[in-house]
Amino acid sequence: MQVQPSRRLGFTVIELLVTIAIAAIVMGLAVPSFNSAIKNNRLTAEVNMFVGALNLARSEAIKRNYNVAICRSNDGVTCVNLDDWAQGWLVFGDQNNNGIFDPGEAPPLRIQDGAKPQITMTRTAGTVTSLISYKPTGMNGKTGTIKVCDDRAEAVGKSIVFVTTGRVQVKSNQSCP
């Protein structure tokens, strides 16, 4: 009677090291693409929050039949003349049409904190200022562009374009300064 040698199941050390080396190479190629996807999503999220606030102001002005404004705000309580919309904003009803948030008049409709430090939102053209006020007709009388950029070297961002009818349009793949 012959004794058959037993077969061992499993991996050798060399097979395991080759597998780990291949996995490390693949991960090294995938991580930069993943970082780019994360930054793209952050940029898109910030643009969507701002456009959502603009749409809220416009629809509330039509619904309430008085002006509703959105202004730059870094504390959620006062409107300030900041260079960067990414510091935050405040949406409020402006019944007396003075362009100033009056806390005693009504509570704010929306308060948005500042964006991530890597994102900037600056006016590049037109009459868009630190206050955008929508009339009960849904019009704002402002034109211009707010460019939303991040800190990437390739400097590609998005633009929020205003027209006097009150609508906004988002353009992608815009060059940033």
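The values are calculated or read from the model by the stated rules, or taken from the named source; none is laboratory data. Bear in mind that the values here come from a model prediction, so they are computed numbers and not experimental data. With ideal geometry, Cβ positions are generated from the backbone for all residues, glycine too; neighbour counts draw on all protein chains shown.
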Fill in the blank from the handout: Apart from one, (1) at pLDDT 85 or above; (2) touching a Gly at 6+ places or on another chain (Cβ under 6 Å); (3) assigned to a loop (DSSP other than H, G, I, E, B) all hold for Pro136; the odd one out is (2)
Completion exercise
When every residue in the range 38-69 that is hydrophobic (A, V, I, L, M, F, W, C) and over 14 Å from the mean Cα position of the chain (by Cα) is compared, the one farthest from Cys149 (Cα to Cα) is Ile62
Problem - Restricting the range 98-119 to residues that are free of Cβ contacts under 8 Å to residues at least 40 places away in the same chain and under 30 Å from Glu154 (Cβ atoms), the residue that is surrounded by the most Cβ atoms within 10 Å (Cβ to Cβ) - result: Asp113
Problem - Pairs where the first residue, in the range 153-170, is over 20 Å from Asn55 (Cβ atoms) and the second is polar (S, T, N, Q), C-beta under 6 Å, 6+ apart - result: Val156/Asn173; Gly157/Gln174
Practice task
Could you tell me which of the residues Asn74, Asn96 is assigned to a loop (DSSP other than H, G, I, E, B) and touching a helix residue (DSSP H, G or I) at 6+ places or on another chain (Cβ under 8 Å)?
Solution key: Asn74
Problem - Tally of residues being assigned to a helix (DSSP H, G or I) and over 25 Å from Cys176 (Cα atoms) across the range 28-69 - result: 12
Exercise for the section: Could you check Gly52 against (1) crowded, with 19+ Cβ neighbours inside 10 Å; (2) under 22 Å from Ile119 (Cα atoms); (3) not charged (D, E, K, R) and say which number it fails? Expected result: (1)
